[in-house]
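Everything below concerns the one structure shown next.
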Amino acid sequence: MHERILSQHECRAVVVTCIDFRFAGARTSLAIEKAYGLHENEYDVIVLPGGAQNLTQFQLTAEYKGATRHALGIAIDLHNVRLVIVLSHQNCGALKAIGKAFSHEEADVEKEFHRILLLEAAGVVRGEWPRLAIEAGYLYVEESQQIVTIEKIS
Ligand SMILES: [Zn+2]
């Protein structure tokens, strides 16, 4: 079993996401599986504060933008990835750090901001890797059920 895992050098996708513990781990893996049909052992994960934000004009630092693109290139080349998924999330501290804070009452404004950000991030990926499939998603907590959910952005 161990050998078989190690002999697999290809995976289906690479996910760009934030470090935030509230939107990482098993809950988020389930949300990704639900939204994109990918099991957690079928994709690479690039994790930096801000996630997809770092591919846009709202990047936390220029270093993160470079690092995200660099890591994407490695995943795409090394694991023959065909799908890039860029994610951002509700109540992200990396956005607050650049002065984009949203109150609880501004959930719709916040979501709209992320939609624009995610479309920009998807456009950057498309510009660099035009042959790949690209998905963008907004991670948020479904209030009534307290579960992490992904709203697909297109
Ligand atoms: Zn975050």
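Couple of notes before you dig in:
- Condition met for Ile19 (closer than 16 Å to Leu117 by Cα and β-branched (Val, Ile, Thr)): no
- Residues that are open to solvent by less than 100 Å² (accessible area, probe 1.4 Å) and of a type in the set (D, E, K, R) within the stretch 1-25 comprise Asp20, Arg22, listed in sequence order.
- Strands (runs of 3 or more DSSP E) contained entirely in the stretch 48-154, each with at least 2 residues that are over 15 Å from the mean Cα position of the chain (by Cα): 133-142
- Some residue of the stretch 26-40 being within 14 Å of the ligand (Cβ to nearest atom), outside any helix (DSSP H, G or I) and surrounded by 17 or more Cβ atoms within 10 Å (Cβ to Cβ): no
- Number of positions in the stretch 35-54 that are touching a helix residue (DSSP H, G or I) at 6+ places or on another chain (Cβ under 7 Å) and not small (Gly, Ala, Ser): 9
- Qualifying residue in the stretch 55-64 (condition: at pLDDT 95 or above, over 22 Å from Ile116 (Cβ atoms) and surrounded by fewer than 13 Cβ atoms within 10 Å (Cβ to Cβ)): yes
- Residues that are away from the ligand (no atom under 16 Å from the Cβ) and not hydrophobic (A, V, I, L, M, F, W, C), drawn from the stretch 89-113: Ser103, His104, Glu105, Glu106, Asp108, Glu112
- Subset of the stretch 30-47 [free of Cβ contacts under 8 Å to residues at least 40 places away in the same chain and under 13 Å from the mean Cα position of the chain (by Cα)]: Asp44, Val45, Ile46, Val47
The values are calculated or read from the model by the stated rules, or taken from the named source; none is laboratory data. Nothing here was measured: the structure is a model prediction, and the numbers come from that model. Neighbour counts run over all protein chains shown; Cβ positions are idealised from the backbone, glycine included. With ligands, DNA and RNA removed, areas are computed over all heavy atoms of the protein, side chains included. Shrake-Rupley method; radii C 1.70, N 1.55, O 1.52, S 1.80 Å.
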